[in-house]
Structure formats: C-alpha cells, structure tokens
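In what follows, a structure is listed as structure tokens, so that the remarks can point back to it.
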Amino acid sequence: MSVVLVVEDDPMILRGLKDSLSKKQYDVITASDGEEGYRLALVKKPDLMILDLMLPNMNGLEICQKLREENFSGPILMLTARGEESDRVLGLDLGADDYMAKPFSIRELLARVRALLRRTQTGESLPNELRFDDIVVDFRKFEATKRGATLDLTKKEFGILRLLAAKAGQVVSREDLLNDVWGYENYPSTRTVDTHIGWLRAKLEEDPGEPKRLITVHGVGYKLTIL
C-alpha cells in the first residue's frame, strides 16, 4: 500500500483528499501546516506528497526546496489557488513533479497520483530537457526553440512531448498519453491525441506530411525517434 502525505491548511479540502485517497486504498497521512508537513515527510518518507503552496509557518515552495536538499526523492504534486505561470515554473524548478490549480477535479488528481506513483515504481523518470536537430525544449520552464526562434507550444503539447521523450524509441499508446497528460482516463476520444500530435508535427518536423521524429505506430500510438 502506497503512503501519501497530504499537506493542506483548508480543513474541507484536506478531509476530502484524505477520504478520496483512502477509498483508493492509499495509506494517507495529513498535516495542516508547513512545519508539520516538512517534519512528517522526513520522518515517514511517504511514497508521494500532495503539497499546498500557501501554508502557515512554511510555504510549499520552501518545503519542496528543503526536501530536495535533504534528498527526499518521492514525487511531489503541488496544489495552489494561484494560477500564475511564475508560481508554476518556480515550483517545478524547486523540485515539484506536477502542479494543479484549485479548484481541481478529484478524479483528475487521483489519475495524476497514479501516474506519478507508476513512474516512481517502474523507475521511469521524465526528462527536464530535450534536444534534437535544431530544437531545444526546456520542460521545467515550458520553453522551446527551433533554430533559436521561440516555438509556441501549449501545455498539453509540452506534456505529450515530455512523455514521448521519457520513452524515446518506444511506442506510447494513445490511452497512456490521455491518462498521463490529460490526467483522467475516459477522455471523449483518442482522436484528441492525434490532433495534438498533428499540431506538434507542424511545429517540430521539417516536413509534417512525412514525419521523421514523431512516428505513428498504427493501431497502437506514437513514438519519438531522435537517435
């Protein structure tokens, strides 16, 4: 049974998260202030941490930074009521693995928890950077360039590319892309993935009609070929 530490100062959200996670058979530990959350993370060593950004005594960014300095290796999913890009980028730079803005779907949060734990348990890690041809992608900063010029990628396009990069040369199914990038399992249509791949090809490939990097594996999904 995976141990999940939830650090959240809103009692209703904290109770809701604990109940929802417990129903999915997670062993849930909770804290309502930053110092207690930081202490529990070091003592209990949870498999995953759900960490609110705005907390009394020590905020989520401080906790995340201090835990990574203490070599805490478990995935950290940050929650915040603030949606500014600067907060998201700073949280990721300090060591958070994923980020959700309030209000959020509990179903999506549970799917992200499953995805983060699956990556940890299988030893799969997501890259922070991708380079091929004349393209450079910084996944932490959500920045991409081609021949030095900025590429306008959406958050979903960054997510797709990052997952494909983590499994470069391997086929990733449309369902796995939906689960990990969109964050929930029953998206209306896997054609959504096809559409986003098409947009990525238009931005990354020299000839989108004859792609050499983002390859379709018919009936299965896609793979990124960069070698």
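What are the pairs, 6+ residues apart or on separate chains, where a residue within the range 189-215 that is within 14 Å of Asp152 (Cα to Cα) and in the same structural domain as Lys146 (by TED's automatic domain parsing) has its Cβ under 8 Å from a residue that is assigned to a helix (DSSP H, G or I) and among the charged types (D, E, K, R)?
Once the first residue is within 14 Å of Asp152 (Cα to Cα) and in the same structural domain as Lys146 (by TED's automatic domain parsing) and sits in the range 189-215, its partners that are assigned to a helix (DSSP H, G or I) and among the charged types (D, E, K, R) give His196/Lys156; His196/Glu157; Trp199/Glu157; Leu200/Glu157; Lys203/Glu157.
Here are Arg131, Arg162: which of them is crowded, with 16+ Cβ neighbours inside 10 Å, free of Cβ contacts under 8 Å to residues at least 40 places away in the same chain and under 26 Å from Leu94 (Cβ atoms)?
Going through Arg131, Arg162 in turn, the sole match is Arg162.
Does the range 179-188 contain any residue that is at pLDDT 80 or above, assigned by TED's automatic domain parsing to the domain that holds His218 and touching a Leu at 6+ places or on another chain (Cβ under 8 Å)?
The answer is yes, given that some residue of the range 179-188 is at pLDDT 80 or above, assigned by TED's automatic domain parsing to the domain that holds His218 and touching a Leu at 6+ places or on another chain (Cβ under 8 Å).
Among Leu53, Leu110, which is the only one that is touching a strand residue (DSSP E or B) at 6+ places or on another chain (Cβ under 8 Å) and under 25 Å from Gly159 (Cα atoms)?
Leu53 is the lone residue from the list that is touching a strand residue (DSSP E or B) at 6+ places or on another chain (Cβ under 8 Å) and under 25 Å from Gly159 (Cα atoms).
Take the residues in the range 136-159 that are surrounded by 18 or more Cβ atoms within 10 Å (Cβ to Cβ) and more than 22 Å from Gly95 (Cβ to Cβ), then tell me which one is farthest from the chain's Cα centre (by Cα).
Leu153
Answer yes or no: is there a residue in the range 107-121 that is surrounded by fewer than 17 Cβ atoms within 10 Å (Cβ to Cβ) and either at pLDDT 90 or above or within 20 Å of Gly60 (Cβ to Cβ) (or both).
yes
Can you tell me which residues in the range 33-60 are crowded, with 22+ Cβ neighbours inside 10 Å, more than 11 Å from Val6 (Cα to Cα) and within 20 Å of the chain's Cα centre (by Cα)?
Within the range 33-60, Leu53, Gly60 meet the criteria.
Taking the conditions exactly as written (touching a residue at least 24 places away in the same chain (Cβ under 8 Å) and outside any strand (DSSP E or B)), does Arg118 satisfy them or not?
Numbers: touching a residue at least 24 places away in the same chain (Cβ under 8 Å): no; outside any strand (DSSP E or B): yes.
In short, no.
Kindly list the number of the only condition in (1) polar (S, T, N, Q); (2) surrounded by fewer than 17 Cβ atoms within 10 Å (Cβ to Cβ); (3) touching a helix residue (DSSP H, G or I) at 6+ places or on another chain (Cβ under 6 Å) that fails for Thr30.
Exception for Thr30: condition (2).
The values are calculated or read from the model by the stated rules, or taken from the named source; none is laboratory data. All values derive from a computational prediction rather than experimental measurement. Methodologically, a virtual Cβ is constructed for each residue, glycine included, from the backbone with ideal geometry; neighbour enumeration extends over all protein chains shown.
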